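First the structure, in the form of C-alpha cells, and then the observations on it.
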Amino acid sequence: MSQIIVAVATHKPYKMPDEPIYLPLHVGAELHPDVLPDMQGDNTGDNISALNASYSELTGLYWLWKNCDAQYKGLVHYRRLLGSADKSKQHQKDPYEKLVDGPELLTLLSSKDAVLAKQRNYYIETVYDHYSHTLDGSQLDKMRSILSERCPEYLPAWDGLMKSTRVHVFNMFVMPAATFDAYCAWLSPCSMSLDRGSTQARWTLLLHVGLDA
C-alpha cells in the first residue's frame, strides 16, 4: 500500500486522477459487479458493499477502514475532489491539474488531524433548517436520539451544528490512519442504528460532529 490512499468513490465509468495516491473505488460493486469489472471494488475482504443502496459512499469508507493499511487514508467522489492550496495549480485550466497531491497532503497532515473540503455556508438558514427544507427534518431528530443514547457527550457539538449556518459536506477528508479508523469505529454503530431507507446526508453531519466533539 502507498503511504497515502485516497479512494475516489464511483458507481460508473468516469475520468480518474493520475496522481498515484488516488485509488478508484467502485462502491456498490456487490450489487453491480459488471459496471466496473476492472476497478477495485468495495466487495472484497471485510465489506458492506451489498448495503450501498442505503449507505452510498459509506460502503467505500467501510472498505477503506477494514482493508487498507496505508499511513493516511481518505475519501473523495468521482465528481468532487480536493483541490490544492498551491496558487500555481489553481490557475491551471485542466481541473485535474488543480488537485492536491501526495507531498502537499503529507505537509498538511504533519500539523493537522484532518484535511477537509471547505465548509459550506448557508448564510440565511441554519444547518437544521436547510436540511428540513430539502429533506426530512425528523431524520435529524432521530440522529440526535441515537447520539443521546450512544454518546451523550457529543450532544453539545450536535446541537451547536444544528444552529450553525456552516458545515463540512460530501464526506470528503484525509486523515492519519489512527484517526480515520477511530472515526469509522464510532460512526459505524451510529449509522447502523438508522433506518436503511433514510437519506445518507446525515453521515456528513456526523463527520462534522465527530471532528468537533
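The values are calculated or read from the model by the stated rules, or taken from the named source; none is laboratory data. This structure is a prediction, so every number in the text was calculated from the model and none was measured. Backbone-built Cβ (ideal geometry, glycine too); neighbour counts: all protein chains shown. Quick note on the areas: whole protein, heavy atoms, side chains included, nothing else; ligands and nucleic acids left out. Shrake-Rupley method; radii C 1.70, N 1.55, O 1.52, S 1.80 Å.
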Checklist entry - What are the residue pairs meeting all of these: first residue in the stretch 139-167, first residue under 16 Å from residue 120 (Cβ atoms), second residue open to solvent by less than 30 Å² (accessible area, probe 1.4 Å) and assigned to a strand (DSSP E or B), Cβ atoms under 7 Å, and 6 or more apart or on different chains? => result 161/167
Checklist entry - Looking only at the stretch 97-117, which residues are assigned to a loop (DSSP other than H, G, I, E, B), more than 10 Å from residue 174 (Cβ to Cβ) and free of Cβ contacts under 8 Å to residues at least 24 places away in the same chain? => result 98, 110, 111
Item to check | Yes/no for residue 115 being touching a Ser or Thr at 6+ places or on another chain (Cβ under 8 Å) and under 14 Å from residue 5 (Cα atoms) | outcome: no
Next on the checklist: From the list 213, 201, 178, exactly one residue is modelled with pLDDT of 85 or more and of a type in the set (A, V, I, L, M, F, W, C). Which is it?
Outcome noted: 178
Item to check | Selected residue (criterion: modelled with the highest pLDDT) from residues of the stretch 181-198 that are aliphatic (A, V, I, L, M) and open to solvent by less than 20 Å² (accessible area, probe 1.4 Å) | outcome: 187
Checklist entry - Has the stretch 60-72 got any residue that is among the basic types (Lys, Arg) and closer than 29 Å to residue 186 by Cα? => result yes
Item to check | Residue list for the stretch 118-135, restricted to those being open to solvent by less than 70 Å² (accessible area, probe 1.4 Å) and more than 27 Å from residue 6 (Cα to Cα) | outcome: 122, 125, 126, 127, 128, 129, 130, 131, 132
Item to check | Where residue 72 falls short, out of the listed (1) at pLDDT below 95; (2) crowded, with 18+ Cβ neighbours inside 10 Å; (3) not polar (S, T, N, Q) | outcome: (1)
